[in-house]
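Values quoted throughout were computed directly from the atomic coordinates according to the rules given, and no laboratory measurement underlies them. Keep in mind that what you see is a predicted model, and the values were worked out from it rather than measured. Positions of Cβ are generated from backbone atoms using ideal geometry, with glycine treated the same way; all protein chains shown enter the neighbour counts.
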Amino acid sequence: MRNLSKYSVVPFLICLLFSFASTTLINAETQSSQGLGSSEDNGIKLTINSYSIVNHGQSILLNYTIHSNSNIQVNPDATSLIENPYIWIGHTLVREESESFKRVSNNEYKGTITAQLQHYRPDNSEMSIHTHGLLNQKGQWTVKFILRSDKY
């Protein structure tokens with residue numbers, strides 16, 4: 001077997017490093033484009049894109065997208081697109097405080113739900129959001145994801 005010189009090993013290691021970094025970046029981009037989780041019913045898809053812990057760990061902001069296969073008109077005076085969301089962290093129901101949203105296109109809305117967090121949260125808890133109504137349409141939507149303890 002032929003011995004490799006130190007001058008041929010360095011370019012090989014650099015190629016390995018870029019290959020690893022490229023794979024990691026592609027995986028991160030794929031996860032962010034898919035969001036944390038989604039659920040679809042009756043041609044309407046709810047995706048939880050991201051979350052952030054605010055107010056010294058007392059509240060969570062849940063960023064979502066609602067995409068419909070058809071153009072559904074929403075009352076301009078509507079204060080919510082998600083009808084009575086049930087937000088669970090583990091086995092504890094948390095209370096929604098507010099919701100804001102905007103129309104992005106004929107078939108898509110983006111918004112944020114603000115909810116209270118309980119004082120005790122186990123590490124890496126499962127979080128779920130469930131509703132029976134989106135965009136004034138009836139159905140069943142449940143999105144589950146892990147609330148990572150390193151984010152708060």
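Taking K and R as +1 and D and E as -1, what net charge do the other residues with C-beta under 13 Å from the C-beta of Asn71 add up to?
Numbers: positive: Arg103; negative: Glu108.
Net charge in that neighbourhood comes out at 0.
Please report the net charge: other residues with Cβ closer than 11 Å to the Cβ of His132, K and R +1, D and E -1. Here the count lands on -1. For region 57-152, report the translational diffusion coefficient in µm²/s to the nearest whole number, using Stokes-Einstein at 20 °C, 1.002 mPa s, and a Kirkwood Rh over Cα pairs. Once the numbers are plugged in, D ends up at 150 µm²/s.
Sparsely packed loop sites in region 64-114 (the trypsin sites (Lys or Arg not before Pro) outside DSSP H, G, I, E and B with at most 14 other Cβ atoms within 10 Å) comprise Arg95.
How would Asp41, Asp77 line up from fewest to most surrounding beta-carbon atoms within 10 angstrom? Going from sparsest to densest Cβ surroundings: Asp77, Asp41.
Relative contact order, whole percent, for region 36-151 stands at 29, derived from Cα pairs under 8 Å and 6 or more residues apart.
For region 48-102, GluC sites (Glu not before Pro) are listed when DSSP marks them as loop and at most 15 other Cβ atoms sit within 10 Å of their Cβ; the list is Glu83. Between region 43-65 and region 87-152, the alpha-carbon centres lie 6 Å apart.
Ranking of Trp88, Trp141 by neighbouring Cβ atoms within 10 Å, starting from the fewest: Trp88, Trp141.
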